[in-house]
Amino acid sequence: MSGSKLAVVGAGSVGTSLAYAALIRGSAGNVALFDVNTAKAEAEVLDLAHGTQFAAKAASVTGGGDIAVTEGADVVVITAGAKQAPGQTRLDLAGTNVRILEQLMPQLLERAPNAVYVLVTNPCDVLTVAAQRISGLPTGRIFSSGTVLDTSRLRWLLARRAGVAVASVHASMVGEHGDTEFPVWSGATIGPVPIRDWTTNGERVFTSGYLEAAAREVTQAAYKVIAGKGATNYAIGLSGARIVEALLRDENAVLPVSTVLDGNYGISGVALSLPSIVNRGGVERVLDMPMDDWERAALEHSANTLQASLTSLGL
């Protein structure tokens, strides 16, 4: 890890939170922060550097307004783009952020041709397709954070309800990172116990009504945070750092990241989140996750929604 380099593109609230999380967690040996706003990038780098004494591991922080700071990065995380305003959906951002990628990707590839690229900018599924087509990279080397954060939100809710550690909850949000995402309840468990069979004092805790409400709360979580504080940043920063670690540590970790699918569940050409094996080379494989009929239909609906957005953008 000492020689690994993470480049974060975008020094806004998400990019700086991700860089901060990476330092605290010891995710990379060097963190480079780039933003077209030179003064902002340099100030953020200085602020982060002042705290490196207290980081989990020895690390250096560099950066500024010259894209050359990304040179030789092992992982590039893209957070740059217009941010989601209150009441605005992720898909509303698509056109503006695709145009930003068209300018950005060729410059990044010139400086970090061997990197794995992770998109966090929304709508991340649409932008994953755009970035893959712009770059020509294999689908495993350019993907988005997808529903990694949404899955964490879901597990937090279920753990709180059951009174167990979050790490003991095994449940995933899949599909679009957005309004059509959904939990795969058919395979969800707490420890080895199916979610619907979990009891407290002999009573089943996870009723159909509760599960529906929990899914709705997860899907609407970002809107609630944005309405109150203007942006989501801490949790996405932490989840982004977790993805970086899976890459740089060659973990073969299973994470619900979003890649451009090629025949999975009969879906091709759109990026959706499904549990995937993530290691040093990127996404090695998208797993074939068992789903019931309702869940398969929900995945198809998610794919159709994203395809419509791609078509409207000419992608």
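The values are calculated or read from the model by the stated rules, or taken from the named source; none is laboratory data. Because the structure is a prediction, the values reported are computed rather than measured. Positions of Cβ are backbone-derived with ideal geometry, glycine not excepted, and every protein chain shown enters the neighbour counts. Note: areas computed on protein heavy atoms with side chains; ligands, DNA, RNA excluded. Shrake-Rupley method; radii C 1.70, N 1.55, O 1.52, S 1.80 Å.
The listed residues F54, F143, once ranked by accessible area (1.4 Å probe) with the largest placed first, stand as F54, F143. Farthest toward the positive end of the dipole of region 222-298, out of V283, N264, A241, is the Cα of A241, where the dipole comes from beta carbon charges about the Cα centre.
A simple charge model with +1 on the Cβ of Lys and Arg, -1 on the Cβ of Asp and Glu and nothing else charged puts the dipole of region 56-113 at about 240 debye relative to its Cα centre.
Its Cα centre serving as origin, region 124-217 has a Cβ charge dipole (Lys and Arg +1, Asp and Glu -1) of approximately 240 debye. Can you classify the chain as rounded, prolate or oblate using the Cα gyration tensor, where a ≥ b ≥ c are the square roots of its eigenvalues, rounded means a/c under 1.5, and otherwise it's prolate if a/b beats b/c and oblate if not? Note, shape of the chain comes out prolate.
Using the beta-carbon distance between A49 and R99 and R0 = 25 Å, what value does 1/(1 + (r/R0)^6) give for FRET efficiency, to the nearest 0.05?
Numbers: r = 32 Å, r/R0 = 1.30.
Here the calculated transfer efficiency is 0.15.
What ranking, highest mean first, results for peptides 241-253, 292-304 when packing means the other Cβ atoms within 10 Å averaged over each residue?
On the way: 241-253: 19.7, 292-304: 16.2.
Result, highest mean Cβ count within 10 Å first: 241-253, 292-304.
Solvent-accessible surface of region 117-208, taken per residue with a 1.4 Å probe and all protein chains present: 37 Å².
On a 25 Å Cα-Cα criterion, which of the cross-link pairs K83/K224; K5/K229; K40/K229; K5/K224; K40/K83 come out too long? Numbers along the way, then the final one.
Working: K83/K224 15 Å; K5/K229 31 Å; K40/K229 20 Å; K5/K224 34 Å; K40/K83 17 Å.
Among K83/K224; K5/K229; K40/K229; K5/K224; K40/K83, the Cα-Cα distance tops 25 Å for K5/K229; K5/K224.
Neighbours of Y20 by Cβ distance under 15 Å: Lys/Arg scored +1, Asp/Glu scored -1, total 0.
Given a 1.4 Å probe, how much area per residue of region 211-255 is accessible, in Å²? Before the final figure, lay out the partial values.
Working: 2040 Å² over 45 residues.
Value for region 211-255: 45 Å² per residue.
So, counting K/R as plus one and D/E as minus one, what does the shell of residues with Cβ under 11 Å around Y210 add up to?
Numbers: positive: R161, R196, R204, R216; negative: E212, E217.
Around Y210, the surrounding residues sum to +2.
The accessible-area ordering, largest first, of the residues Y223, Y234 stands as Y234, Y223, per a 1.4 angstrom probe.
So for region 184-259, averaging the separation of alpha carbon pairs under 8 Å that are six or more residues apart and normalising by length, what relative contact order in percent results?
On the way: 25 pairs, mean separation 7.8, N = 76.
Over region 184-259, the number comes to 10 percent.
Normalised by the number of residues in the chain, the mean separation of alpha-carbon contacts (under 8 Å, six or more apart) gives a relative contact order of 19 percent. Since only T311, I134, T199 are under comparison, the one whose Cα sits farthest along the positive direction of the charge dipole of the chain, derived from C-beta charges on Lys, Arg, Asp and Glu, is T199. Placing +1 on the Cβ of every Lys and Arg and -1 on the Cβ of every Asp and Glu, with no other charges, gives the chain a dipole of roughly 560 debye about its Cα centre. A simple spin-label model places the labels of R204 and W294 1.2 nm from each other, with each point 7 Å out along Cα-to-Cβ.
The accessible surface of the chain, taken with every protein chain in place and a 1.4 Å probe, is 52 percent carbon and sulfur. For the chain, which DSSP H helices look membrane-span-like by this rule: Cα extent along the axis of 20 Å or more and mean Kyte-Doolittle of at least 0.5? Passing helices, by number: 234-248.
Mean sequence separation of contacting Cα pairs (under 8 Å, at least six apart), scaled by the length of region 241-283, corresponds to a relative contact order of 46 percent. The overall shape of region 50-119, judged from the alpha-carbon gyration tensor, is oblate: a/c is not under 1.5, and a/b is no greater than b/c. Oblate is the label for region 36-171. Its Cα gyration tensor axes, ordered a ≥ b ≥ c, give a/c of at least 1.5 and b/c at or above a/b.
Note on K40 and R285: the model spin-label points, each 7 Å out from Cα along the C-beta direction, lie 4.2 nm apart.
So what's the net charge close to V8: Lys and Arg +1, Asp and Glu -1, counting the other residues with Cβ under 10 Å from its Cβ? Mind showing how you got there, number by number?
Values: positive: none; negative: D35, E44.
Computed value for this residue: -2.
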